[in-house]
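Read-outs: derived from the displayed coordinates by stated rules, not from any lab. Everything numeric here is computed off the predicted structure, so don't read it as measured data. Ideal geometry is used to build each Cβ from the backbone, glycine not excepted, and the neighbour counts take in all protein chains shown.
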Amino acid sequence: MQEKYLLVRSEQELAKYYSKSEIVEFLGKNLEQFRDPVDQIELAIDYAFSEAEGKGGFVILQEIEGTLTGVVVMNETGMSGYIPDNILVYVATDSASAPLGAGANLLKRAIDEANGDIALHVEYHNSAKKLYEKLGFVSKYAEMRYVKNPGKSK
């Protein structure tokens, strides 16, 4: 099986392959218990495609035999130095159609494409944490959040 990767930097470029709603739906389904609301997934993709100063990023689509099997959304932070240059917002593979190792290959491609350091948020009980560590990610901080308006965020 030949894996194919499509690096996408704009919504117009994405439209050559899939609609944004198809990518949002793919992520919503395949992120499973770690999924965000659909509107937040869409905002992360919009941010990746933004041409505004300090924004941007990319989406990588992984296909195997013409079937979408994985998606990465990487956002640039615009804050190099004290905050990593990029944040890996979403990575998901379709376990029904992606072979073992497809997620690691997708992550390696995203790491190669990113300019600068990369941060990601992963819950301690997420089984993907071991893969991230194997690829060189280290736990630098425990993230803490103060939710000022509990009804507005998760």
So which GluC sites (Glu not before Pro) in segment 58-96 pass both tests, a DSSP loop state and at most 11 other Cβ atoms within 10 Å of the Cβ?
-> Glu65
Scattering profile of segment 1-72 at q = 0.20, 0.23, 0.25, 0.26 Å⁻¹ [log10 I(q)/I(0), Debye over alpha-carbon scatterers] = -0.84, -1.07, -1.20, -1.26
Can you tell me how much longer the chain between Phe34 and Lys129 gets when fully stretched, taken as 0.36 nm per residue apart minus their C-alpha distance, in nm with one decimal?
-> 32.9 nm
Sparse-neighbourhood loop sites, trypsin sites (Lys or Arg not before Pro) in segment 1-87 - DSSP loop, at most 14 other Cβ within 10 angstrom | Lys16
Which chymotrypsin sites (Phe, Trp or Tyr not before Pro) in segment 90-154 pass both tests, a DSSP loop state and at most 14 other beta-carbon atoms within 10 Å?
-> Tyr124, Tyr141, Tyr146
Options (i) -0.50, -0.78, -0.98; (ii) -0.42, -0.81, -1.20; (iii) -0.64, -0.80, -0.99 are given for log10 I(q)/I(0) by the Debye sum over Cα atoms at q = 0.11, 0.15, 0.18 Å⁻¹, and the computed one is (ii)
